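What follows is a single structure, written as structure tokens, with notes after it.
We did not get these values from a lab; they are worked out from the coordinates using the rules stated. Bear in mind the structure is a predicted one, so any value in this text is a computation, not a measurement. With ideal geometry, Cβ positions are generated from the backbone for all residues, glycine too; neighbour counts draw on all protein chains shown.
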Amino acid sequence: MDASLTRTPLYDWHVNHGGRMVDFAGWAMPVQYTSIIEEHTAIRSAVGLADISHMGRLRFEGPGAAVFLAELLTRRVADMELGQIRYSLVTNDEGGILDDVLVGYYHNSHGQPFFMVVVNASNRAKIVDWISAHLPPERAQRPGQEIIWNDISRLWAMFAIQGPRSVELLQPLVDVDLRSMRYYRGAQALILHPAAQRQGCIISRTGYTGEDGFEVSLGAGIAAEVWEALMELGKPLGIVPAGLGARDTLRLEAGMPLYGHELSEQINPFQAGLGFACHLVGYDFPGRDALVQIQKQPLKTVRIGLEMAAGSRAARQGCPVMADGRKVGEVTSGTHSPTLGRPIAMAYVDAAFAEPGRELQLDIRGRFEPAKVVELPFYQRKKKK
Amino acid sequence: MSQDLLYSKTHEWVRLANEPAGKTATVGLTSFALEMLTDLVHVELPPVGREVKAGQPFGEIESVKAVSDLYSPVNGQVVEINSALAGNLEHLPEDPYGNGWFIKIKLAGDAGLSDLLNEAAYKKQCEEEQH
């Protein structure tokens, strides 16, 4: 493994437990430990634990923080309640997507409120630069509107606990009632583990798998002990450690876009099906005016889901989408769906070919294979009443 | 792995045999390769009769994560394919040198065997790739 790659606090654990380490956005991350299908299935049926410490986390506090974030993000921020989390985008002046983020509003153990913005590892440096450009010192020090912000990505580890048994797994280790925590809500909590020495963590009921679960940010210094404690507590629940490979198949089944695949600076939020994350009326942020114009025009290409017959070869990123012998789009992500037992893909296609039920072809390494447009997501968990 | 097999640098194994119709090579993927691939979902084999060349792709094997080419270790013509393989990919790692064979090739006069590795040389290559 390339020694120049950044290591998470769990690096040694991954290597010692068969993790196949790969370069992901400059981080050495496990792509899988045993089998992607096994890790995937464990998260759909029981619980899995993934190290996502490579995710960028930016913390904002001070009286001017909410106003500044509202001027940076496509989504309303000012009306967020404590403990609330929202999915949002960062767009450039042309309305292209710079990143998709989660913004959470929390308070620390001293009652001080702060925002945490979780950004993609591959975009962290770009977003930090973008914020720096929009937040010069005179703005950050404006009297009565001060803003303090920090990139805490390297100081804090982050775990994803995902699967129907996530509450059972995590509850014994934290002092907040997880059963009553709603989806896209979060809280500052104490970790109830001797090694944690009553340190806090940030828990949110969020995830990237289409399954119930939590994402937990905690101090890098206690991460390995807490990880081991979770793996031990999870044994009777059927826990497995999960790598990036399973995270990719899980998010694809859940129809969730991934930056660098479905999202880029050349894609606008409406094409991506993320118009819900853009509040254009009465708000101003980079790209807002461009998006108002884009919204008036019919969309040229749109994001769709494609399903293929069981036993077909899977389409991969870059694979041409064909209709009547003509290229009408391109696959952005594709894999074999472990849950559905057949290949699935997401693609951008000419809007005239996007309605569910339409039969298209995929040019997979020179051979055309039939595929059908389907509604996203491919997989939706059955919600408990 | 086995002493009576030869190996390609691209992780195919070869079992040579003298049959009434001539010399043949049965070809499969080594357990090392299968351990690296994991999560197999699809295999593409050539039709019987196809000419194959040493070092050139004869088919492909697909895992959840990616697609890999299968390379012919020898020159010749495909005389038999293992049609039971596609439906049993999850069991392939249990018997990669037996029931897990892929194709049988009738060797050409110039069989192109000189680049193949013996067991010791192949083992050494695998150890190097693991680090």
**Asked** Between B:Tyr71 and residues 5 or more places away or on another chain, which pairs have amide H atoms under 5 Å apart, with H built 1.01 Å from N, and which residues are they?
**Response** B:Phe58
**Request:** For the range A:298-375, just say rounded, prolate or oblate: build the C-alpha gyration tensor, square-root its eigenvalues into a ≥ b ≥ c, call rounded for a/c under 1.5, and beyond that prolate if a/b exceeds b/c, oblate if not.
**Result:** prolate
**Message:** From Cα pairs below 8 angstrom and at least 6 apart in sequence, can you work out the relative contact order of the range A:82-227, rounded to a whole percent?
**Reply:** 20 percent
**Fill in**
Taking every other residue with Cβ under 9 Å from the Cβ of B:Val78 and scoring Lys and Arg +1, Asp and Glu -1, one gets +1
**Item:** Rounded, prolate or oblate (a/c below 1.5 giving rounded, otherwise prolate when a/b exceeds b/c) for chain B by Cα gyration tensor
**Value:** oblate
**Prompt:** What length, rounded to one decimal in nm, is gained on full extension from A:Ser264 through to A:Val67, with 0.36 nm per residue of separation minus their alpha-carbon distance?
**Reply:** 68.3 nm
**Message:** Please check: in the Gaussian network model of chain A (C-alpha springs, under 10 Å), which one of A:Arg198, A:Arg251, A:Arg75 has the largest mean-square fluctuation.
**Reply:** A:Arg198
**Item:** Gain on full stretching of the segment that runs from A:Glu81 to A:Gln112 - 0.36 nm per residue minus C-alpha separation
**Value:** 9.8 nm
**Asked** Where the only charges are on Cβ atoms (+1 Lys, Arg; -1 Asp, Glu), what is the dipole of the range A:56-151 about its Cα centre, to the nearest 20 debye?
**Response** 180 debye
**Asked** In nm, to one decimal, how far is the A:Glu232 label point from the A:Val15 one, both placed 7 Å along Cα→Cβ?
**Response** 2.4 nm
**Message:** Just to be sure I understand the model, the point goes 7 Å from the Cα along the line to the Cβ. What's the resulting A:Asp23 to B:Glu129 distance in nm?
**Reply:** 2.0 nm
**Asked** How big is the gap, in Å, between the Cα center of the range A:225-274 and the Cα center of the range B:41-102?
**Response** 32 Å
**Request:** Within the set of other residues whose C-beta is less than 12 Å from the C-beta of B:Val48, count the net charge using Lys and Arg as +1 and Asp and Glu as -1.
**Result:** +1
**Asked** Between A:Val174 and residues 5 or more places away or on another chain, which pairs have amide H atoms under 5 Å apart, with H built 1.01 Å from N, and which residues are they?
**Response** A:Leu192
**Item:** chain A, relative contact order [Cα under 8 Å, separation at least 6], %
**Value:** 18 percent
**Message:** Sequence gap at least 6, Cα distance under 8 Å: using those rules, report the relative contact order of the range A:182-229 to the nearest whole percent.
**Reply:** 32 percent
**Message:** Rounded, prolate or oblate for the protein assembly as shown? Axes are the square roots of the Cα gyration tensor eigenvalues, ordered a ≥ b ≥ c, and the cut-off for rounded is a/c under 1.5.
**Reply:** prolate
**Highest-MSF residue in chain A out of A:Gln32, A:Gln297, A:Gln361 [GNM, Cα springs under 10 Å]** = A:Gln297
**Request:** Treat the count of other C-beta atoms within 10 Å as a stand-in for reagent exposure and order B:His42, B:His91 from fewest to most.
**Result:** B:His91, B:His42
**Asked** Mind checking which lysines have their C-alpha under 29 Å from B:Lys123, skipping anything on the same chain fewer than 8 residues away?
**Response** B:Lys9, B:Lys23, B:Lys53, B:Lys65, B:Lys104, B:Lys106
**Request:** Go ahead and run the numbers for FRET between A:Glu146 and A:Asp284, Cβ-Cβ distance against an R0 of 22 Å, rounding to 0.05.
**Result:** 0.55
**Prompt:** Mind checking which of A:Gly56, A:Gly366, A:Gly207 has the largest fluctuation in a GNM of chain A, springs on alpha carbons under 10 Å?
**Reply:** A:Gly366
**Item:** Fewest-first sequence of A:His336, A:His17 by Cβ atoms within 10 Å of each Cβ
**Value:** A:His17, A:His336
**Request:** Excluding A:Gln197 itself, calculate the net charge of residues whose Cβ lies under 15 Å from the Cβ of A:Gln197, where each Lys or Arg counts +1 and each Asp or Glu counts -1.
**Result:** -1
**Asked** Restricting the count to DSSP beta bridges whose residues both fall in the protein assembly as shown, what percent are antiparallel, rounded to a multiple of 5?
**Response** 95 percent
**Asked** Any idea what the dipole of the range B:6-130 comes to, in debye rounded to 20, about its Cα centre with Lys/Arg Cβ at +1 and Asp/Glu Cβ at -1?
**Response** 440 debye
**Message:** Per 0.36 nm of contour for each residue apart, how much would the distance between A:Asn92 and A:Lys296 grow if the chain were fully extended, relative to their Cα-Cα spacing?
**Reply:** 71.6 nm
